[in-house]
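Colleague: Below you will find the structure I want to go over with you.
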Amino acid sequence: MAKLILVTGATGYIASRLIPRLLDSGYRVRCLARDPLRLQGRSWFNQVDIFQADVTTPESLIHAFDGVDTAYYLIHNMSAGHGYTKIELDGARNFASAAETAGVQHIIYLGGLADPEQHIAPHMRSRIETGKVLREGKVPVTEFRAGVITGSGSISFEMIRFMTELFPIVPGPVWMKNKSQPIAVQNVIDYLFAALTNPNGRGGVFEIGGPNITVYGDLMLRYANARGLKRKMFLLPGIPISLMAFGVGLMTPVPYPIAYALIGGLSADSIVKHSEALKVSPEVKLIDFDSATHKALKITHPDHIERVWVDGDSSAKSIKHEGCFIDHRELKTNSSPENIFSAITHFASAYGWHIETIAENSRILVSNKNHFSTQWIEWRIEQTHLTQTVFFSPYGMFGFLYWYLLMPFHKMQLSNLGRKIIRQG
């Protein structure tokens, strides 16, 4: 029987990329999540065993490790705000203890890339201390330390994407001159996956990064170049972290507490000083930042975006996610799928939308592109409900202005559109 692998942080970004890789390779996967309903929209939802637990509550972990060979620790608690460092260390301690009791053979942990001998931000220090706590147990731990992860949906990449798209002159702290060694999400998954079967790396601590060292500010300028945008950096000394985090939280998908921690992490270099990872895992072929960015832009499309808004709650939702403003709503209907789809195709034809996908009267996707945005509207027929999801991908500052200045109109228009289609169907 295939080995059972436990993946924590299952609702998070890295886990969402790792789990399909494990399944495709024939492993059985158990996902650990505090709120399993948040996994309902994932394409692999029905292929995994889901266990509801919280590492901060030791008793919830008692049976989580039953039959588990290897466990991935992909948890952070930055969203908890003040006091998250203690929460992270307590959680890691509980996890290591429960894994040891259950006889788990191996823990694989993804932490942060920083020099622990230097003055580093609390966020980075906490990532390193978490790895140390995990290694205090008897279960062998393989730790990887990564900095900026380049990929659609990565917190650090989305912060770069939204801020660079929005501002012709990108403001930032003087810390943007510090060095960074970004790594493509594909390579992060390569390393995490290789650790499953590579005995040479078991129990080691490995710094991982891409093939190039640059400075944080250049990452934004290189993103702009990939998008065909003209951007300049404007560095200001003495900007309070709280003010910068407030702006990032307002304009990007990154919540204020996480933005605060990440911006603080820019205060020191984040580069690979020990390159043992490449020697232990020579099969990993490093992808440069520009190539990873082009791939992220290419998959900014409803067919690839993780459906994090599907969580069992039928209320309307508006979020920023993977380069898009997303508006999702569910409407009750008694109309047949055939009639609904007829009304949708009439709408698309009347207003010049391109029909990209029609799938067996259950899903239809239309798109519309102009100089400052690409938009998609997806409709799904699910029993007595019609779900309507709008994806608005802005191009540059004018795309943002169009969305924000007309937001009340958008809300009313999108709500009326769904009702109109139901009436016509």
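Colleague: Identify all residues within region 167-199 that are over 22 Å from Ser16 (Cβ atoms) and buried (at least 23 other Cβ atoms within 10 Å of the Cβ); write none if there are none.
Modeller: Ser180
Colleague: Something else now. For region 203-219, enumerate the residues that are of a type outside the set (A, V, I, L, M, F, W, C) and either in a helix (DSSP H, G or I) or surrounded by fewer than 21 Cβ atoms within 10 Å (Cβ to Cβ) (or both).
Modeller: Going through region 203-219, the residues of a type outside the set (A, V, I, L, M, F, W, C) turn out to be 203-204, 207, 209-212, 214, 216-218.
If the condition is that a residue be of a type outside the set (A, V, I, L, M, F, W, C) and either in a helix (DSSP H, G or I) or surrounded by fewer than 21 Cβ atoms within 10 Å (Cβ to Cβ) (or both), then Gly203, Gly204, Pro211, Asn212, Thr214, Tyr216, Gly217, Asp218 are the ones that fit.
Colleague: Tell me, which residue of region 1-26 that is within 21 Å of Phe65 (Cβ to Cβ) and free of Cβ contacts under 8 Å to residues at least 40 places away in the same chain is surrounded by the fewest Cβ atoms within 10 Å (Cβ to Cβ)?
Modeller: Across region 1-26, the extreme among qualifying residues is Met1.
Colleague: Further, regarding this structure: Is one or more of the residues making up region 242-255 part of a helix (DSSP H, G or I), touching a residue at least 40 places away in the same chain (Cβ under 8 Å) and in contact with a Gly (Cβ under 7 Å, 6 or more places away or on another chain)?
Modeller: Taking every residue of region 242-255 in turn, none turns out to be part of a helix (DSSP H, G or I), touching a residue at least 40 places away in the same chain (Cβ under 8 Å) and in contact with a Gly (Cβ under 7 Å, 6 or more places away or on another chain).
Colleague: Taking the options Phe409, Phe391, Phe398, name whichever one is outside any strand (DSSP E or B), closer than 17 Å to Thr252 by Cα and modelled with pLDDT of 75 or more.
Modeller: Values: Phe409 fails: closer than 17 Å to Thr252 by Cα; Phe391 fails: outside any strand (DSSP E or B).
Being outside any strand (DSSP E or B), closer than 17 Å to Thr252 by Cα and modelled with pLDDT of 75 or more holds for just one of Phe409, Phe391, Phe398, which is Phe398.
Colleague: Return only the number of the condition from (1) free of Cβ contacts under 8 Å to residues at least 24 places away in the same chain; (2) out of contact with any Pro (no Cβ under 9 Å at 6 or more places or on another chain); (3) charged (D, E, K, R) that Glu356 does not satisfy.
Modeller: Against the list (1) free of Cβ contacts under 8 Å to residues at least 24 places away in the same chain; (2) out of contact with any Pro (no Cβ under 9 Å at 6 or more places or on another chain); (3) charged (D, E, K, R), Glu356 comes up short only on (2).
Colleague: Any residue in region 383-395 that is touching a residue at least 60 places away in the same chain (Cβ under 8 Å), open to solvent by 20 Å² or more (accessible area, probe 1.4 Å) and of a type in the set (Phe, Trp, Tyr)?
Modeller: yes
Colleague: Check off (1) under 17 Å from Arg42 (Cα atoms); (2) open to solvent by 30 Å² or more (accessible area, probe 1.4 Å) for Ile326 and give me the number that stays unchecked.
Modeller: Unmet condition: (2).
Colleague: With (1) open to solvent by less than 20 Å² (accessible area, probe 1.4 Å); (2) part of a strand (DSSP E or B) as the list, and Thr164 as the residue in question, which single condition is left unmet?
Modeller: (2)
Colleague: Any residue at all in region 46-53 that's under 23 Å from Tyr260 (Cα atoms) and surrounded by 15 or more Cβ atoms within 10 Å (Cβ to Cβ)? Give the steps one after another, and end with the answer.
Modeller: Pass one, region 46-53, residues under 23 Å from Tyr260 (Cα atoms): none.
Looking through region 46-53, none of the residues is under 23 Å from Tyr260 (Cα atoms) and surrounded by 15 or more Cβ atoms within 10 Å (Cβ to Cβ).
Colleague: For Ala261, all conditions in the list (1) outside any helix (DSSP H, G or I); (2) on the phi < 0 side of the Ramachandran plot; (3) at pLDDT below 95 hold save one; what is the number of the exception?
Modeller: Failed condition: (1).
The values are calculated or read from the model by the stated rules, or taken from the named source; none is laboratory data. Model, not experiment: these values are computed from the prediction. Neighbour counts are summed over all protein chains in view; Cβ atoms, including those assigned to glycine, are modelled from backbone coordinates with ideal geometry. Note: accessible area is taken over every heavy atom of the protein model, side chains too, but ligands, DNA and RNA are not part of it. Shrake-Rupley method; radii C 1.70, N 1.55, O 1.52, S 1.80 Å.
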